[in-house]
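All remarks here apply to the structure that follows.
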Amino acid sequence: MKMKKGVSDVDGEKRQISVKLNGKKQHYEEKKTTPTPPIQQEPKPKPVAMADNSKKDESSSPDIIDFRERQTERKKRDQPFWDDGNNEYSPKLPFKRKKKKPKKPFQFSLKSFPISIVLAGISAIVVGVSFGLVILTIFTGESEATGDPNGQAVPTVAEVVAEGKNLPDLTVEIVQGGAFSTVEKGEEIVDRLKDRGHAAVLIESSDPHYMFIGVAQDKEYANGLSQLYQQEGQDTYVKPFAVLGGKVDAGNEETGVFFQEGMAIYNELMLVSIRSLAGDKEIITDKSLEIVVSEHQKWTDSKGQALEGLSEESKADAERYVSAITEGVNTLQSIDEDFEENKFWHIQQSLLDATLAYDSFVDTLK
């Protein structure tokens, strides 16, 4: 391959180069290029003087973003809403709140003061204290308990409780041994229990006819008595029993006082029999027995005047009540050092008989 340079003109406007390749001439022309003008740099801007912040209008707010303030607001929105009345992001639905009624100032009025309740409470306290003193005297043998510091005797239960001519209430817990559709069947079971040395009465006026086999002053003592029967295979049921004589007019004040005193002896016999059947051999002392016998004697001596003026029916029931209490006291007086259990069951029988007699007596006066 041969290369042949062409001749360039003097002005440098055109240049030609001849090249022979494989026997053929190839002509190349070099065109004149226009030179690229140099890049002119833009003039640097003159520095602008900083505005004087002191002279800036105070009403215009800067365009600077306070990221700490926005972060604080975001934290507030993320916190759970509590309806404390001060949270600006609280729900838009209004909460219904009940308006509190203004409290009325306390005003004391005698009309609103429950005087009847206070009087009832005072009466109950007096009766309870007086009855407790009587029981303490009888079963501890401490006669000093019946007197005050000045040596004067404390009033008896009847003197404190008896108001006017009203009768006392009788409230006890009864041990029931069954219920029978006929009197004949009930009497058969009653006789069977008595033959075994226990106590039993049949309520012929009820339908069905209930059989009572024990009496106690509260449910705890009644449950203990019930267990003694259950050990011998006797079904039992404990329930309250009451004879409300407090609203019944006895006819005269002597009658009311008489039955109040009789009820005190009734309660003494009931406590002695239950405690003794439970195994308490210290409940009876010579001194306590002497007091019971003395009280009973005074009580029966006042019977004639107390029952005077009653109807024949009422007087018959009252006599049965007195006879039952007397039978219990005589049985208590006959107890010796052997502490025979059957005699305490006999006292229970006397108390059941007295309970039915008093219930019938109160009914005749209604």
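The values are calculated or read from the model by the stated rules, or taken from the named source; none is laboratory data. What you are looking at is a predicted structure, and each value in this text was computed from that prediction instead of being measured. Using ideal geometry, Cβ is built from the backbone for each residue, glycine included, and neighbour counts are taken over all protein chains shown.
Points worth noting:
- Of residues in region 319-342 being among the charged types (D, E, K, R) and surrounded by fewer than 18 Cβ atoms within 10 Å (Cβ to Cβ), the one nearest to LEU277 (Cα to Cα): GLU341
- Members of region 306-364 found to be hydroxyl-bearing (Ser, Thr, Tyr) and out of contact with any strand residue (DSSP E or B) (no Cβ under 8 Å at 6 or more places or on another chain), listed by number: SER311, SER314, TYR321, SER323, THR326, THR331, SER334, SER350, SER360, THR364
- Subset of region 239-277 (residues that are of a type in the set (Phe, Trp, Tyr) and touching a strand residue (DSSP E or B) at 6+ places or on another chain (Cβ under 7 Å)): PHE241
- For region 223-261, a residue qualifies if it is assigned to a helix (DSSP H, G or I), closer than 29 Å to ALA179 by Cα and of a type in the set (Ser, Thr, Tyr), and the qualifying residues are SER226, TYR229.
- Looking across LYS298, LYS315, LYS287, one residue alone is at pLDDT below 95 and assigned by TED's automatic domain parsing to the domain that holds TYR229. It is LYS287.
- Answer residue from region 343-366, given it is β-branched (Val, Ile, Thr) and under 16 Å from ALA316 (Cβ atoms) and is surrounded by the fewest Cβ atoms within 10 Å (Cβ to Cβ) among those: THR364
- Meets criteria (closer than 24 Å to GLN227 by Cβ, in contact (Cβ under 8 Å) with a residue 12 or more places away in the chain, crowded, with 21+ Cβ neighbours inside 10 Å and in the same structural domain as LEU225 (by TED's automatic domain parsing)) for VAL272: yes
Results for (1) assigned to a strand (DSSP E or B); (2) surrounded by fewer than 16 Cβ atoms within 10 Å (Cβ to Cβ); (3) at pLDDT 55 or above, shown as yes or no for each residue.
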site	(1), (2), (3)
GLY121	no, yes, yes
ALA124	no, yes, yes
ILE135	no, no, no
VAL160	no, no, no
GLU163	no, yes, no
VAL175	yes, no, yes
SER206	no, yes, yes
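- Looking only at region 261-275, and only at residues there that are over 35 Å from the mean Cα position of the chain (by Cα) and not aliphatic (A, V, I, L, M), the one that is farthest from LYS315 (Cα to Cα): GLU261
- Sole exception among (1) closer than 16 Å to GLY262 by Cα; (2) exposed (fewer than 13 other Cβ atoms within 10 Å of the Cβ); (3) under 47 Å from the mean Cα position of the chain (by Cα) for GLU282, by number: (1)
- Any hit, region 233-243, residues being without any contact (Cβ under 8 Å) to a residue 60 or more places away in the chain and at negative phi: yes
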